[in-house]
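Following: one structure in structure tokens, then a few remarks.
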Amino acid sequence: MTADHATLSQTPALDALMALPDAFAHNADSDARFLAAMQEAFAFHYQASPIYRTLCQQAGFAPQDLQGADDLAKLPYILVDVFKRHHLTSLPEQDITITFTSSGTSGQKSHIALDQASFDRQALMRRRIIESQGLSSDTPVNYLVFSYDPSLAQGVGAAHTHAIYATFAPALEKVFAICAGADGKPSFDERDCVDVLCRYAEQSAPVRIGGFPAFAWRTLQELERQGKRLRFAPGSLVIHGGGWKSMADEAIAPELYAAKVEELLGIPHTHVRDFYGFVEHGVPYITCSEGHFHVPVYGRVFIRDPLTLKLLPEGEVGLPQMLTPYNRAQPNISVLATDYAALHQNCPCGRPGLTLSLHGRAGVRKHQGCALTASELLRARAA
């Protein structure tokens with residue numbers, strides 16, 4: 001290892017960024033730490049990944065060009081679909097300890113690699129975000145997770161994430177709604193989930209509900225069909241993620257969904273949260289009590305025109321370019337997503353920084369993601 005490479009392998013600036021206890025404390029100090037971490041990460045990936053270095057050379061952008069915050073948007077980006085076709089790494093394969101995919105059993109798959117240090121940073125980042133939103137608790141709870149049982153997850157990123165969000169309060173009991181059926185294949189039955197919720201409601205502990213919203217919505221419909229209204233202890237929480245995918249025709253507006261949860265389960269609408277993210281980027285975005293996705297200090301988002309790729313001002317809808325320095329295993333420090341989104345300021349919750357609003361998928365082709373594969377179970381049940 002050369003002296004230069006040894007220096008680039010160190011992460012003091014990234015460590016300083018990750019040391020921030022408040023994930024939404026956007027100020028001059030956090031901005032400076034983010035810029036320094038991105039400079040450090042960019043220099044590393046520029047040297048370590050020949051493919052990314054070639055991309056940067058073609059764009060005419062080198063590490064010495066990343067001087068200030070205004071240069072961050074100029075950082076060459078990789079379209080997320082590239083990770084579905086190419087295995088890009090910046091570390092030797094023997095240093096890769098964990099690989100996640102973005103799909104279930106079929107379709108295009110992104111393979112996202114992490115070394116142990118990057119995996120640990122992602123876990124810390126997620127915990128900081130949850131704690132900064134006030135969503136962690138020491139009170140034991142019952143969990144109903146509308147996602148794959150871990151034995152069926154098979155490295156799918158969304159399933160792993162759903163399981164992680166069922167760890168931020170001690171578990172009395174934990175039930176995964178998608179489990180192995182008699183034939184060994186994934187199975188879901190909303191009536192079983194209603195029975196679980198009814199059993200939980202007889203106890204004094206809070207409940208935490210997570211996973212794919214389409215499955216939870218189907219369970220709420222069944223609960224309503226049975227004419228039942230449940231009530232849970234204070235501190236109960238709903239936190240979903242993964243989207244509706246092929247069930248988009250049944251998707252419910254967030255405010256209506258939260259109102260139905262409050263009506264049927266007695267959980268306040270301010271305790272109904274959503275998270276957004278994708279394995280190619282790795283940073284979670286979680287709604288506040290006002291229903292807005294906040295950009296944490298570990299990432300930055302710019303919006304680009306889908307036709308010209310020029311930067312768009314706040315409030316205008318386009319493709320999000322998403323930056324983060326946490327992963328050393330792959331050059332995914334700047335990716336261009338295939339969702340439509342916009343940036344906003346001045347959230348009523350009072351947190352500083354920008355919020356992200358989502359406006360659907362770009363393009364007409366549906367990628368076979370984890371939620372899409374899972375929602376096929378609902379299609380099959382409805383048939």
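The values are calculated or read from the model by the stated rules, or taken from the named source; none is laboratory data. Being a predicted model, the structure only gives us computed values, none of them experimental. Counting neighbours? That spans all protein chains shown, and the Cβs are built from the backbone with ideal geometry, glycine included. Please note that ligands, DNA and RNA were not included when accessible areas were found on the heavy atoms of the full protein model with its side chains. Shrake-Rupley method; radii C 1.70, N 1.55, O 1.52, S 1.80 Å.
What is the extension gain from Ile252 to Thr167, computed as 0.36 nm multiplied by their sequence separation minus the C-alpha to C-alpha distance, in nm to one decimal?
27.9 nm
Report, to the nearest whole %, how much of the accessible area of the chain belongs to carbon and sulfur atoms, 1.4 Å probe, protein only. Percent of accessible area from carbon and sulfur atoms in the chain: 54.
Annotated for the chain: lysine pairs at least 8 residues apart or interchain, Cα distance under 26 Å, count 20. How far, in degrees from 0 to 90, does helix 213-225 lean away from the longest principal axis of the Cα atoms of the chain, to the nearest 10? So the helix axis and the longest Cα principal axis differ by about 10 degrees.
Computed with a 1.4 Å probe over protein heavy atoms only, the accessible surface of segment 271-349 comes to 31 Å² per residue. Think of the chain as a dipole: +1 on every Lys or Arg Cβ, -1 on every Asp or Glu Cβ, centred on the Cα centre; then among Gln10, Ile303, Phe215, Phe215 lies furthest on the positive end.
When the helices in the chain are scored as -39500 (n - 2.57) per DSSP H run of 4 or longer and the sum is shared across all residues, what 222 nm value do you end up with, to the nearest 500 deg cm²/dmol?
On the way: 12 runs with 127 residues, N = 383.
Result for the chain, helices only: -10000 deg cm²/dmol.
Kindly express, to the nearest 10 degrees and within the range 0 to 90, the angle between helix 254-265's C-alpha long axis and the longest C-alpha principal axis of the chain. For 254-265 against the chain, the angle is about 40 degrees. The 3J(HN,Hα) values that the Karplus relation (6.51, -1.76, 1.60; θ = phi - 60°) gives for segment 299-314 are, in residue order, x, 9, 10, 10, 10, 10, 4, x, 9, 9, 6, 6, 5, 10, x, 4 Hz. Gly and Pro appear as x.
Pairs of alpha-carbon atoms within less than 8 angstrom and 6+ residues apart define the contacts here; what relative contact order does the chain have, in percent?
Values: 748 pairs, mean separation 74.2, N = 383.
Averaging sequence separation for qualifying contacts and normalising by length gives 19 percent for the chain.
Charge tally around Pro21: other residues with Cβ under 13 Å, Lys/Arg +1 each, Asp/Glu -1 each, net 0.
The long axis of helix 50-59 is offset from the longest Cα principal axis of the chain by roughly 70 degrees.
Length gained on full extension, Glu224 to His359, computed as 0.36 nm times the residue gap minus the Cα-Cα distance: 45.7 nm.
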